[in-house]
Amino acid sequence: MAGIELRPQTRAKPKTQRPKLHKVILVNDDFTPREFVVRVLKAEFRLSEDQAYRVMITAHRRGVCVVAVFTRDVAETKATRATDAGKAAGYPLLFTTEPEE
């Protein structure tokens, strides 16, 4: 028994990484009515009237505006649904996604 080493058992806990986040970006165009953009922002992104208006105005003035940040799947789904809502109404409304730095 002299050759037996006793060591406490240790378990390596796997480190879970947080998923990479992606920004949903509203791209301004000169054809989609402001009221329609606000309606889409309220419906798809659950923004208040005031928040939706601010996002729309920022995109109008700067050309683009970050609407929200989500995991990749959620961001792509919301951007696609919002863009499709514009297409269904006959507007060139565009939402894109990109990884957050």
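Bear in mind that the values in this text are calculations on the coordinates, not laboratory data. Note that this is a predicted model, so its numbers are computed, not measured. Cβ atoms come from the backbone with ideal geometry, glycine included; neighbour counts cover every protein chain shown.
With equal scatterers on the alpha carbons only and no solvent term, can you work out the Debye log10 of I(q)/I(0) for the chain at 0.14, 0.16, 0.19, 0.21 1/Å?
-0.55, -0.67, -0.87, -1.03
Run lengths n ≥ 4 of DSSP H only: what is the helix-derived mean residue ellipticity at 222 nm for the chain, with -39500 (n - 2.57) per run over all residues, to the nearest 500?
-14000 deg cm²/dmol
I'd like the orientation of helix 34-45 relative to the chain: the angle between its Cα long axis and the longest Cα principal axis, in ° from 0 to 90, rounded to 10.
Orientation of helix 34-45: about 20 degrees from the principal axis.
Where in region 36-94 are there trypsin sites (Lys or Arg not before Pro) that are in a DSSP coil and have at most 12 other Cβ atoms within 10 angstrom of their Cβ?
ARG46
By how many nm would the segment from THR10 to ARG72 grow when fully extended, if each residue of separation counts as 0.36 nm and the alpha-carbon distance is taken off?
Gain on extension, THR10 to ARG72, equals 18.8 nm.
From a point 7 Å beyond the Cα of LYS87 in the direction of its Cβ, which residues of region 25-39 have a backbone N at a distance under 19 Å?
Under cut-off, by backbone N: 25-33, 37.
For PHE36 and LEU21 in one chain, what is 0.36 nm times their gap in residues minus the Cα-Cα distance, to one decimal in nm?
2.7 nm
Could you tally the net charge around THR80, taking each other residue with its Cβ under 15 Å from the Cβ of THR80, Lys/Arg +1 and Asp/Glu -1?
It works out to a net charge of 0.
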